[in-house]
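Asks: Here you go, one structure.
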Amino acid sequence: MKKLINEPGAVVDEMLDGMVAAHPELRRLDGTNVLVRGDAPVDGKVAVVSGGGSGHEPTHAGYLGEGMLDGAAAGEVFTSPTADQLNEMIQATDAGEGVLCVVKNYEGDVMNFDTAAEMAAMEGVEVEQVVVNDDVAVEDSLYTSGRRGVAGTIFVHKCAGAKAAAGGDLEAVTAVAEKVVDNVRTMGMALTSCVTPEKGEPTFDLGEDEIELGIGIHGEPGTERADIMSADEITEHLTENVLDDLELDEGEEVVTMVNGMGGTPLSELYIVNRKLQSILDDRGIETWDAWVGDYMTSLDMMGCSVSVLRVDDELKELLGAPAETPGLTVTE
Amino acid sequence: MKKLINEPGAVVDEMLDGMVAAHPELRRLDGTNVLVRGDAPVDGKVAVVSGGGSGHEPTHAGYLGEGMLDGAAAGEVFTSPTADQLNEMIQATDAGEGVLCVVKNYEGDVMNFDTAAEMAAMEGVEVEQVVVNDDVAVEDSLYTSGRRGVAGTIFVHKCAGAKAAAGGDLEAVTAVAEKVVDNVRTMGMALTSCVTPEKGEPTFDLGEDEIELGIGIHGEPGTERADIMSADEITEHLTENVLDDLELDEGEEVVTMVNGMGGTPLSELYIVNRKLQSILDDRGIETWDAWVGDYMTSLDMMGCSVSVLRVDDELKELLGAPAETPGLTVTE
Amino acid sequence: MADAETQREAVLDALDNVAERLAEEKEYLTDLDSAIGDADHGANMERGFGKAADKREEFAEMEPNEVVKNVGTTLISNVGGASGPLYGGSIMFASQELEGGITAETSVAFAEAYLDKVKDRGGAQVGAKTMVDALVPAVHTYKKSIEQDDLPPLEALAKAVDAAERGVAFTVPIKALKGRASFLDWRSVGHQDPGATSTLFILEELLETAEE
Amino acid sequence: MADAETQREAVLDALDNVAERLAEEKEYLTDLDSAIGDADHGANMERGFGKAADKREEFAEMEPNEVVKNVGTTLISNVGGASGPLYGGSIMFASQELEGGITAETSVAFAEAYLDKVKDRGGAQVGAKTMVDALVPAVHTYKKSIEQDDLPPLEALAKAVDAAERGVAFTVPIKALKGRASFLDWRSVGHQDPGATSTLFILEELLETAEE
Ligand SMILES: Nc1ncnc2c1ncn2[C@@H]1O[C@H](COP(=O)(O)OP(=O)(O)O)[C@@H](O)[C@H]1O
Ligand SMILES: Nc1ncnc2c1ncn2[C@@H]1O[C@H](COP(=O)(O)OP(=O)(O)O)[C@@H](O)[C@H]1O
Ligand SMILES: [Mg+2]
Ligand SMILES: [Mg+2]
Ligand SMILES: [Mg+2]
Ligand SMILES: [Mg+2]
């Protein structure tokens, strides 16, 4: 393993320090791995917070700022943050208008956020929770953990954050977040595994001619191993699964995201976007906006995910609203 | 080699199509690998253009847009664009106020830009050229090719672009670009080589315990091979070389950039930034702004470069001026 | 029945042994988690129990049940992931059963409360390929051995360890329904569950400590 | 002296042979460029001369010197990098010397003009570890063989190829002063220059074609 780190145990702590050094408009809560907007709690505004394991940068703290998140809790690499830290985040960002927690559907995240919400509620904070589960690779069923939350989460941050910035109350902000969850689907793939600082070697082994389809964002193997394919074939596979699940009708409008897993050159993501847009064109689906970049990564993994979000006028307005964060800036 | 591509020969073409599909505000000149701002030529404004080999995304076309570049020419991977394409770019962006070409110091780039400038001049276009050579790893000498141009080039794009947007004439825009060149220094390192689509295997072999110091951005080996070090040690090495060359005095102000080579997790870049800022602190040098991210990459290479730009009031104003491009957005 | 101090010392010894064992097994647990999860279970367990064991001095004046409770909260604050709230929250919750001291009877109540909380919090039944698959046979066996077979706690615990072992083995051939491994669907078949395995290790160390 | 058509055919045959050879040597050239450059010289040369060879039909009606000039512009438009303007620009420039047809005399003038342009454009002297190191001995030898030793062009060309070979070998032990390899400083010592090597291959194919 070769990494630009000092020691595996210090990665999260030092990364957070380096982040605050680069973005002095963020603030680290003393003795925690929680970053918040420097001006948190923001008077008169519902707070939108998120959190989860580290290793997905710019997720989560990269989306702190005007028009997106108020707080972001960083767990160890790929390990959800502990409930007490989540509780501190909730308390520190609540301005009395309540806090919406955006949680990706993993039992660890859900259980810790649940506990934190209970703790915060005991202190009189109004807390709502939205669980994102956009990953179509995983079968959804009552008897299982359901679908994972992956890159579509960024759209939830953006829309809920914009709604809160526009003065929406906790109910309205939560409703927007749920609307995004209902309308976004994602599927991902990996060309290579990733190397966590603690383990120091690839989480799974992939042959030179193999890829993983249906991966999450934690270096876990995917739902299926396949022979290497061309970028167009891969894009087709991901996109078709996403579109079939979303049941889009001709003429509907979408916002797309080609998300890099961390180790993929941007040029390759654009090659994927090229095919994605041509598939949408062929199906008579209109792209209102196309996002291409590293939004939610898995350390150094090579691969990508394709997300499609069905949008209406409300979501378009929220997606287009200004945001100013280290990881995403939208200007009017 | 596993890449999200269709065929090695189509990488640049398809990437450019995918880019325009994602950023419809950009336009591809017919039959070329040149992208320009959709509204080029911009009336009454000096054009700032750049170009070079592909594989450095978001460089170059990622910096097209308000407040930065008007045109960007993409060569094959790591191969400078041909003179005729550069000439077409210059002609297409010139609004009659002249064109500044920002060139990184490689003989290929310089020779092709020279030829293009001659061709454009024959058509009556006023062309200026600024050659960026910020890489302190390479010794500067009259009898050699001199220093390479690397990530510091982005600061040149930003400042020259802002000056042009503010109505500066060709002379003024060129002067700003030269001021940045005089005040920026960079040094880079690699943990791994990169894999070009054409070659399909690493450009150089690095042992599990080795790193390359003093690399450029073309997957070329560095000036020195060293044993693996901690992030802090690496940062110290890079930063000290940069600072010594820049001859900064206590109390001076700088803008820093920790640039990822493409395959480095963002978390690691923040760990480098943490140390960089603490070194500057110790030396009594003040950071006015710290950039951390993938600005000029070498495909999937793991590694980073550290750049330091000495700033005065003029440069601060230009760096802080609004820019809206796929790769960099600055709001007022 | 041993006095409070002896009991506390026994709890602290057990804690040390567990922490040491989990540190030794860190890589093994992580490897199991690599195959069907995200390669952090070893680090999570080592970190959590390591932190708890480091608090020996803080624990020096506490009642045994308070020590146990504090181990639980320490896990909650330091583990994260799925195993943090499951291990930590359930230990914390079950510690109430030890308020009157640690006896054969209260240890059964503790075990039952612990199992209930894990099932409740995580929503997994037996056969979902989780720690529950090790816990259910262990707790059932322990309870029956003590309450119906009148075995001494040490023997009951030894039987529980055997039972947990079978539970761990049982996780191998089945498909995960809960936890990260469930995202792998059929690909989870053939792999041993990390959380069930760490549960077994902990039980083994409790037995080891009790035997000393 | 052969007529224009024969000359044109000879040029086109040479072009085919060169293109074919460079395609064969693509990997080898790229490997050389990997060691001290950026691993694209093979692809650059193959692309450039391949495109030129593809234009056979366009060239069918042209004068020999125009064909040569067009090969130059095709390289300029398709190669990029350092080798594009060096090879392409110099061929284009030197083609003027062939306006009166291709003779022993004009071929010497072409060679000299070509060398001058490479040196002028790239600013490299002998010993900078570039294509110039293959070119200088080749051109000097060719010129002397024809002008002073009165050798027939075929023999002169054979001697020039020998000379270029020594030039290529000479690039190995020296440090690069120009081109990307110069950024490696002392680490460039011990490696063969890709551009000098491709120059040699081209000369070998010219000889091969002339011999046929
Ligand atoms: N819903 C659940 N119910 C019971 N046990 C679970 C559940 N989810 C996960 N586990 C247990 O947790 C273990 C994984 O723990 P760990 O790797 O530390 O957390 P994470 O899955 O968040 O990375 C699994 O092996 C499984 O035994
Ligand atoms: N200034 C120069 N003068 C002469 N030859 C040069 C010069 N710079 C580079 N070369 C030649 O070009 C070759 C490299 O060509 P190529 O790899 O195609 O271009 P690039 O260096 O732009 O990647 C070198 O091996 C060298 O022979
Ligand atoms: Mg985890
Ligand atoms: Mg090149
Ligand atoms: Mg895990
Ligand atoms: Mg080259």
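The values are calculated or read from the model by the stated rules, or taken from the named source; none is laboratory data. These numbers were taken from a predicted model, which means no experiment stands behind them. Here the Cβ is made from the backbone with ideal geometry for all residues, glycine too, and neighbour counts use every protein chain on show.
Asks: Any residue at all in region D:157-169 that is within 14 Å of chain B (Cβ to nearest Cβ) and more than 15 Å from ligand 2 (Cβ to nearest atom)?
Replies: no
Asks: Ok, one more. So D:Met92 clears everything in (1) within 16 Å of ligand 6 (Cβ to nearest atom); (2) touching a Lys or Arg at 6+ places or on another chain (Cβ under 7 Å) except one condition, right? Which one?
Replies: Here D:Met92 clears every test but (1).
Asks: Need the failing condition index for A:Leu248 against (1) part of a loop (DSSP other than H, G, I, E, B); (2) within 11 Å of another protein chain (Cβ to nearest Cβ); (3) surrounded by 18 or more Cβ atoms within 10 Å (Cβ to Cβ), just the number.
Replies: Among (1) part of a loop (DSSP other than H, G, I, E, B); (2) within 11 Å of another protein chain (Cβ to nearest Cβ); (3) surrounded by 18 or more Cβ atoms within 10 Å (Cβ to Cβ), the lone unmet condition for A:Leu248 is (2).
Asks: So A:Leu319 fits all but one of (1) at the interface with chain B (Cβ under 9 Å from one of its Cβ atoms); (2) touching a Cys at 6+ places or on another chain (Cβ under 8 Å); what number is the exception?
Replies: Every condition holds for A:Leu319 apart from (1).
Asks: Can I ask one more? Mind listing whichever residues of region A:280-304 are in a strand (DSSP E or B) and under 16 Å from A:Pro265 (Cβ atoms)?
Replies: Passing the criteria: A:Val292, A:Gly293, A:Met301, A:Gly303, A:Cys304.
Asks: Pick out the one residue from B:Pro322, B:Pro326 that is touching an Asp or Glu at 6+ places or on another chain (Cβ under 6 Å) and farther than 17 Å from B:Val184 by Cα.
Replies: Exactly one residue qualifies, and that residue is B:Pro322.
Asks: Quick one: is A:Ala72 more than 10 Å from every other protein chain (Cβ to nearest Cβ), under 23 Å from C:Val79 (Cα atoms) and surrounded by fewer than 24 Cβ atoms within 10 Å (Cβ to Cβ)?
Replies: Criteria not met by A:Ala72.
Asks: Can you tell me which residue within region C:99-121, out of those that are of a type in the set (A, V, I, L, M) and assigned to a helix (DSSP H, G or I), is farthest from C:Thr199 (Cα to Cα)?
Replies: C:Ala104
Asks: Keeping to region A:251-269, report how many residues are at the interface with chain B (Cβ under 8 Å from one of its Cβ atoms) and more than 20 Å from the chain's Cα centre (by Cα).
Replies: So the count comes out to 2.
Asks: Mind counting the residues in region A:270-283 that are more than 9 Å from chain B (Cβ to nearest Cβ) and crowded, with 24+ Cβ neighbours inside 10 Å?
Replies: Qualifying residue count, region A:270-283: 0.
Asks: Within region A:289-297, can one find any residue that is crowded, with 23+ Cβ neighbours inside 10 Å, over 25 Å from A:Val330 (Cβ atoms), within 9 Å of chain B (Cβ to nearest Cβ) and of a type in the set (A, V, I, L, M, F, W, C)?
Replies: Scanning region A:289-297, I find no residue that is crowded, with 23+ Cβ neighbours inside 10 Å, over 25 Å from A:Val330 (Cβ atoms), within 9 Å of chain B (Cβ to nearest Cβ) and of a type in the set (A, V, I, L, M, F, W, C), so the answer is no.
Asks: Hey, among the residues in region C:152-197 that are buried (at least 19 other Cβ atoms within 10 Å of the Cβ), among the charged types (D, E, K, R) and not in a helix (DSSP H, G or I), which one's modelled with the lowest pLDDT?
Replies: Out of the qualifying residues, it is C:Lys178.
Asks: Of everything in region D:77-101 that's hydrophobic (A, V, I, L, M, F, W, C) and more than 16 Å from ligand 4 (Cβ to nearest atom), which residue is farthest from B:Arg148 (Cα to Cα)?
Replies: Among residues in region D:77-101 that are hydrophobic (A, V, I, L, M, F, W, C) and more than 16 Å from ligand 4 (Cβ to nearest atom), the one farthest from B:Arg148 (Cα to Cα) is D:Leu98.
Asks: Being over 17 Å from the mean Cα position of the chain (by Cα) and without any contact (Cβ under 8 Å) to a residue 60 or more places away in the chain is the filter here; which residues of region C:3-20 pass it?
Replies: Correct list: C:Asp3, C:Glu5, C:Thr6, C:Arg8, C:Glu9.
Asks: I'd like to know if region D:36-55 contains one or more residues that are under 28 Å from D:Lys129 (Cβ atoms), among the polar types (S, T, N, Q) and surrounded by 23 or more Cβ atoms within 10 Å (Cβ to Cβ).
Replies: Scanning region D:36-55 turns up at least one residue that is under 28 Å from D:Lys129 (Cβ atoms), among the polar types (S, T, N, Q) and surrounded by 23 or more Cβ atoms within 10 Å (Cβ to Cβ).
Asks: Here's another thing I want to ask about it. Could you check how many residues of region A:223-245 are more than 8 Å from every other protein chain (Cβ to nearest Cβ) and assigned to a loop (DSSP other than H, G, I, E, B)?
Replies: 1
Asks: Are there helices (runs of 4 or more DSSP H) fully within region C:21-98 with at least 1 residues that are within 13 Å of ligand 5 (Cβ to nearest atom) and in contact (Cβ under 8 Å) with a residue 40 or more places away in the chain? List them.
Replies: Here the list reads C:26-36, C:41-53.
Asks: Turning to a different aspect of this structure: Count, please, the residues in region B:271-291 that happen to be closer than 26 Å to D:Asp38 by Cβ and touching a Leu at 6+ places or on another chain (Cβ under 7 Å).
Replies: The number of residues fulfilling the criteria is 1.
Asks: Among residues belonging to region D:55-76 that are within 14 Å of chain B (Cβ to nearest Cβ) and more than 16 Å from ligand 4 (Cβ to nearest atom), point out the one that is farthest from D:Asp16 (Cα to Cα).
Replies: Here the residue is D:Thr73.
Asks: Scan (1) away from ligand 1 (no atom under 12 Å from the Cβ); (2) surrounded by 23 or more Cβ atoms within 10 Å (Cβ to Cβ) for the single condition C:Tyr87 breaks and write down its number.
Replies: For C:Tyr87, the failing item is (1).
Asks: For the condition at pLDDT below 95 and of a type in the set (Ser, Thr, Tyr), what is the one hit in A:Thr93, A:Thr153, A:Thr144?
Replies: A:Thr144
Asks: Quick one: B:Gln129 ticks every box in (1) over 30 Å from D:Thr130 (Cβ atoms); (2) in contact (Cβ under 8 Å) with a residue 12 or more places away in the chain bar one, so which box is it?
Replies: (1)
Asks: Oh, and also: Given region B:101-205, what helices (runs of 4 or more DSSP H) lie entirely inside it while holding 2 or more residues that are surrounded by fewer than 24 Cβ atoms within 10 Å (Cβ to Cβ) and more than 16 Å from ligand 1 (Cβ to nearest atom)?
Replies: Hits in region B:101-205: B:107-122, B:170-183.
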